[in-house]
Amino acid sequence: MLVLRSSPPSPFGRKVKIAAAVLGLKDRIEVQDAQTADPADSLRSQNPLGKIPALILENGDVLYDSRVIVEYLDFLAGGGKIIPTGEDRFPVLRLQALANGIMDAGILQVYEKRFRPEEKRFDDWLSYQAAKVDRALSHLEANPPKTVSGDADVDAGNIALACALGYLDLRFGGEWRTSYPKLASWVDAYEAAVPAFAKTKQPPAPIPNDPAPLR
């Protein structure tokens, strides 16, 4: 049995869970919650960076980060399933990279609000990260990805994008949707078409110690 160390709100962990479900590997993976802020959590011995997701293999080896884990799952499923071979591989990986960047920038904004006292928050840093998200969303709004109608259309790129947009809904109250209606329609269609995406959805949650929406 493979063991996935993750946390329900993590968009990167969600990527792995969706990939596993789409590839028919869900029953081979036990999901164990990880507390990244707890020094006593075994996560730090499994992944020296102390980050999630981490996948513990049956031989005890550990894989991280989500890009590596998703590629490993594709390999287990026979290869070429959600990460194409040949030239078709690179647009998928590019979209995954862009979506991962959206997630990273969103999480950094959340952490600035969550861990730094209000009087010490660096507004320029928040704006810098928010601008990354806005540029990426603007690019995708102008170049919308293909609509996904079922699991057969799922790949690592659109999984990552769906999870990125889902994270913006979760932590930013879906404020992005007004400015990017094509992407909003795309992810809503994705949720309707991909059962694993709907099943891993988390209810919107305020940032601890800061009920105000993030900008």
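The values are calculated or read from the model by the stated rules, or taken from the named source; none is laboratory data. From a predicted model like this one, the values you see are computed outputs, not experimental measurements. Note: ideal-geometry Cβ built from the backbone for every residue, glycine included; neighbour counts use all protein chains shown.
A few remarks follow.
- Failed item in (1) touching a helix residue (DSSP H, G or I) at 6+ places or on another chain (Cβ under 7 Å); (2) within 14 Å of ALA189 (Cβ to Cβ); (3) surrounded by fewer than 19 Cβ atoms within 10 Å (Cβ to Cβ), with LEU165 passing the rest: (3)
- Against the test of being part of a helix (DSSP H, G or I), within 20 Å of ARG89 (Cβ to Cβ) and either touching a Pro at 6+ places or on another chain (Cβ under 9 Å) or not assigned by TED's automatic domain parsing to the domain that holds TYR72 (or both), the options LEU161, LEU137, LEU126, LEU170 yield a single qualifying residue, LEU161.
- Residues of region 58-72 that turn out to be under 23 Å from ASP38 (Cβ atoms) and in contact with a helix residue (DSSP H, G or I) (Cβ under 9 Å, 6 or more places away or on another chain), as a count: 6
- For SER127: the one exception among (1) exposed (fewer than 10 other Cβ atoms within 10 Å of the Cβ); (2) modelled with pLDDT under 95: (1)
- Selection within region 105-123: residues that are free of Cβ contacts under 8 Å to residues at least 24 places away in the same chain and in a helix (DSSP H, G or I). The member of this set that is farthest from the chain's Cα centre (by Cα) is GLU119.
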